[in-house]
1. Given the conditions (1) without any contact (Cβ under 8 Å) to a residue 40 or more places away in the chain; (2) among the basic types (Lys, Arg); (3) surrounded by 16 or more Cβ atoms within 10 Å (Cβ to Cβ), and given that Lys7 satisfies all but one, which numbered condition is not satisfied?
2. So which pairs qualify, if the first residue must be in region 53-79 and at positive phi, the second must be assigned to a helix (DSSP H, G or I) and surrounded by fewer than 17 Cβ atoms within 10 Å (Cβ to Cβ), the Cβ gap must be under 8 Å, and the two must be at least 6 apart or on different chains?
3. Hey, among the residues in region 33-67 that are farther than 30 Å from Ser105 by Cβ and charged (D, E, K, R), which one's surrounded by the fewest Cβ atoms within 10 Å (Cβ to Cβ)?
4. Out of region 27-62, which residues are farther than 20 Å from Leu99 by Cα, among the charged types (D, E, K, R), touching a helix residue (DSSP H, G or I) at 6+ places or on another chain (Cβ under 9 Å) and part of a helix (DSSP H, G or I)?
5. Name the residues in region 68-90 that are closer than 16 Å to Ile6 by Cα, loosely packed, with under 14 Cβ neighbours inside 10 Å and among the polar types (S, T, N, Q), would you?
6. Yes or no: Arg30 exposed (fewer than 14 other Cβ atoms within 10 Å of the Cβ) and among the basic types (Lys, Arg)?
Amino acid sequence: MALIAIKLVHTALWTFFAGCILALPVTGLRRRFDWAAILTAVILVECFVLALNRGRCPLTDLAGRFTSQQADNFDIYLPLWLARYNKTIFGTLFIVNELIVLGCSRMKTRCARARQPEGSSRP
């Protein structure tokens, strides 16, 4: 029963963080850079927690106490292939999506400069 509860919590947290990563380009395209900053901060906190735990989710270690199974998805309700390549897939998506946000931000700045009246020094 404890393992099931851990897997449910782990899956819910994974879904939340994956959603944050997938929402990043939407915030950039909608010019909601305040939300992009919040999502980035949330994701970086998750990265910090993983780094402190030597690249493993603390819930993986907790789930390991309740089973001897060691498949890549023993601690989460994800397909084996996704659990195995999760960090590679979502790490790459995070970087690409941050670049999209950065590009949108730079475009916003260029558009704002282009709309300025001549002689104005405001960005």
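The values are calculated or read from the model by the stated rules, or taken from the named source; none is laboratory data. Quantities reported herein were computed from a predicted structural model and do not represent experimental measurements. We place every Cβ from the backbone using ideal geometry, glycine too, and count neighbours over all the protein chains shown.
1. (1)
2. Once the first residue is at positive phi and sits in region 53-79, its partners that are assigned to a helix (DSSP H, G or I) and surrounded by fewer than 17 Cβ atoms within 10 Å (Cβ to Cβ) give Gly55/Lys87.
3. Restricting to residues being farther than 30 Å from Ser105 by Cβ and charged (D, E, K, R), the top hit is Arg54.
4. None; the set is empty.
5. Step one: filter region 68-90 for residues closer than 16 Å to Ile6 by Cα, giving 68-78, 83.
Applying the additional criterion that residues be loosely packed, with under 14 Cβ neighbours inside 10 Å yields 68-71.
Those that are closer than 16 Å to Ile6 by Cα, loosely packed, with under 14 Cβ neighbours inside 10 Å and among the polar types (S, T, N, Q): Ser68, Gln69, Gln70.
6. Working: exposed (fewer than 14 other Cβ atoms within 10 Å of the Cβ): yes; among the basic types (Lys, Arg): yes.
Yes; evaluated as a whole, the condition is true for this residue.
The rows are residues; the columns are (1) at pLDDT 95 or above; (2) within 19 Å of the chain's Cα centre (by Cα).
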{"residue": "Gly55", "(1), (2)": "no, yes"}
{"residue": "Leu78", "(1), (2)": "yes, yes"}
{"residue": "Trp81", "(1), (2)": "yes, yes"}
{"residue": "Phe94", "(1), (2)": "yes, yes"}
{"residue": "Thr109", "(1), (2)": "no, no"}
{"residue": "Ala112", "(1), (2)": "no, no"}
